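Visitor: Can you read through this structure? Questions will come right after.
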Amino acid sequence: MKLTFLGTGTSTGVPMPACHCRVCSSPDPRDKRTRPSILIEYDGRAVVIDTTPDFRNQVLRERLERLDAVVFTHAHVDHVMGLDDVRSYCFLQGGAIPIYADAHTMENIRRIFKYIFEANYPAGGIPKLDPHLIEGTFDLWGQSFVPLPVKHGQLPVLGFRMGRAAYVTDFSAIPDSTLALLEGLDVLILDALRQRPHPTHSNVEHSVALAKQLKPKQTYFTHIAHEMGHEEGNAMLPPGVQLAYDGLKLEF
Ligand SMILES: [Zn+2]
Ligand SMILES: [Zn+2]
Ligand SMILES: [Zn+2]
């Protein structure tokens, strides 16, 4: 399985428009962070987790030739707004693309993208989607996706475990029942917005403590804000924990 970080930035992206701070002005390409999403490829299949407002540019950058499914963590703008752009794959592949979300997220996707789900939408050129509700572990072409319920402030959000890798973005707290599902990992990807605490996101200190508790072989942080540059941020992290960056690829 190959995992690609399509985006590793917080909701504004980095640089943040009109900000001239040190990180937003940094020449380091790893300080250019689009909105958070990952791509998983195995057995000729390609699955993305979330479709960010940067989805189109992310798949152009990665030269993604096909798309087999989209899995959603939650319906915040930085995780869903690129959904319309999956239509290029619908046109080329000639069919509907399955999307997976829990009931609350699916309800919001149907509201935000009402036109996509209208039976008699008067114009062509819209994506064809095949919605599936997540009600437990599901299988996509032989790979199991285990939903990992976490809290994003008050909002229930899903992370996902795929074999020995797990992606848990946008959380402030992980319940014990979900921590039990995060044992024995090779790769753990965690939200770590910045150093300072935030009401709805994990910060570096909290996510480092989780990595030490769960002991995956390697931990990567994502959903990173402009307060933390790549080089300096990485220098502060313990062995086995790193900041991810856009375009980073892992094989396992
Ligand atoms: Zn900035
Ligand atoms: Zn969110
Ligand atoms: Zn987010």
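Visitor: Using only C-alpha atoms and all pairs of different ones, pull out the Kirkwood radius for the chain in Å with one decimal.
Guide: With all distinct Cα pairs of the chain included, I get 18.3 Å.
Visitor: How large is ³J(HN,Hα) for each residue in the stretch 34-39, as worked out from phi by the Karplus curve 6.51 cos²θ - 1.76 cosθ + 1.60 (θ = phi - 60°), to whole Hz, x for Gly and Pro?
Guide: Going residue by residue, I get 8, 5, x, 6, 10, 10 Hz, with x marking Gly and Pro.
Visitor: May I pose another question? Quick query: amide H of Thr10 versus all other amide H atoms, modeled in the peptide plane; which residues come in under 5 Å with a sequence gap of 5 or more or a different chain?
Guide: HN-HN under 5 Å from Thr10: Ile224, Ala225.
Visitor: Counting heavy atoms of the protein chains only and a 1.4 Å probe, report the per residue accessible area for the chain as a whole number of Å².
Guide: Value returned for the chain: 44 Å² of accessible area per residue.
Visitor: Turning to a different aspect of this structure: When the expected Rg is taken as 2.2 N^0.38 Å, what fraction or multiple of it is the alpha-carbon Rg of the stretch 1-147?
Guide: Relative to the rule-of-thumb radius for its length, the stretch 1-147 sits at 1.09.
Visitor: So what's the back-of-envelope 222 nm ellipticity for the chain, counting only DSSP H runs of four-plus at -39500 (n - 2.57) apiece and dividing by all residues, rounded to 500?
Guide: Mean residue ellipticity at 222 nm (helix-derived): -5000 deg cm²/dmol.
Visitor: Between Phe91 and Leu179, what is the spin-label point distance in nm, taking each point 7 Å from the Cα along the Cα→C-beta axis?
Guide: Taking the two extended label points, one gets 4.9 nm.
Visitor: Of all trypsin sites (Lys or Arg not before Pro) in the stretch 1-64, which ones are in loop regions per DSSP and have a Cβ with at most 16 other Cβ atoms within 10 Å?
Guide: Here the trypsin sites (Lys or Arg not before Pro) that fit, given the DSSP loop and packing criteria, are Arg22, Arg63.
Visitor: Another question, if that's okay. Could you list the square roots of 5 times each eigenvalue of the Cα gyration tensor of the stretch 150-252, that is, the equivalent ellipsoid semi-axes, sorted largest first and rounded to whole Å?
Guide: Equivalent ellipsoid semi-axes, largest first: 19, 17, 12 Å.
Visitor: Here's something else I'd like to know. If I stretch the segment between Gln154 and Tyr115 completely, what's the gain in nm (0.36 nm per residue apart, minus their alpha carbon distance), one decimal?
Guide: Extra length available between Gln154 and Tyr115 comes to 11.1 nm.
Visitor: Net charge near Thr169, counting Lys/Arg +1 and Asp/Glu -1 over other residues with Cβ under 11 Å of its Cβ?
Guide: -3
Visitor: Between the helical axis of 204-214 and the dominant principal axis of the chain, each derived from Cα atoms, what acute angle in degrees is found, rounded to the nearest 10?
Guide: 80 degrees
Visitor: Using modelled amide H (1.01 Å from N, peptide plane; none on Pro or chain starts), what sits under 5 Å from the amide H of Ala69, excluding residues fewer than 5 places away?
Guide: Counting only residues 5 or more places away or on other chains, the set is Ala46, Val48.
Visitor: Whole-Hz ³J(HN,Hα) for each residue in the stretch 83-99, computed from phi via Karplus 6.51 cos²θ - 1.76 cosθ + 1.60 with θ = phi - 60°, x for glycine and proline: what do you get?
Guide: The phi angles translate into 4, 4, 6, 5, 4, 4, 6, 4, 4, 6, 8, x, x, 6, 9, x, 10 Hz.
Visitor: Give me the angle, in degrees from 0 to 90, between the Cα long axis of helix 103-112 and the longest principal axis of the Cα atoms of the chain, rounded to the nearest 10.
Guide: 70 degrees
Visitor: Calculate the dipole size of the stretch 1-65 relative to its Cα centre from +1 charges on Lys and Arg beta carbons and -1 charges on Asp and Glu beta carbons; express the result in debye to the nearest 20.
Guide: 180 debye
Visitor: Still on this structure, I have one more. Could you work out the Rg to Rh ratio of the stretch 79-173, with Rh taken as the Kirkwood radius (inverse of the mean 1/r over all Cα pairs)?
Guide: Ratio value, two decimals: 1.00.
Visitor: What percent does the relative contact order of the stretch 97-252 come to when contacts are Cα pairs within less than 8 Å and at least six residues apart?
Guide: Worked out over the stretch 97-252, it gives 14 percent.
Visitor: A follow-up question, please. Run through the stretch 105-175 and list the chymotrypsin sites (Phe, Trp or Tyr not before Pro) located in a DSSP loop whose Cβ has at most 14 other Cβ atoms within 10 Å.
Guide: Filter output for the stretch 105-175: Trp141.
Visitor: If exposed GluC sites (Glu not before Pro) are those in a DSSP loop with at most 14 other Cβ within 10 Å, what is the longest stretch of the chain that has none?
Guide: Here the longest run is 184-252.
Visitor: Here is a further query. Using a probe of 1.4 angstrom, how much of the accessible area of the chain is carbon and sulfur, in percent?
Guide: Of all accessible area on the chain, carbon and sulfur atoms account for 53 percent.
Visitor: Same structure, new question: Quick check: Cα centre of the stretch 149-200 to Cα centre of the stretch 203-252, how many Å?
Guide: 13 Å
The values are calculated or read from the model by the stated rules, or taken from the named source; none is laboratory data. Only a predicted model underlies this, so the values are computations on that prediction, with no experimental measurement involved. Here Cβ is always computed from backbone atoms with ideal geometry, including for glycine, and neighbour counts include all displayed protein chains. Side chains are part of the model used for accessible areas, which takes the heavy atoms of the whole protein and leaves out ligands, DNA and RNA. Shrake-Rupley method; radii C 1.70, N 1.55, O 1.52, S 1.80 Å.
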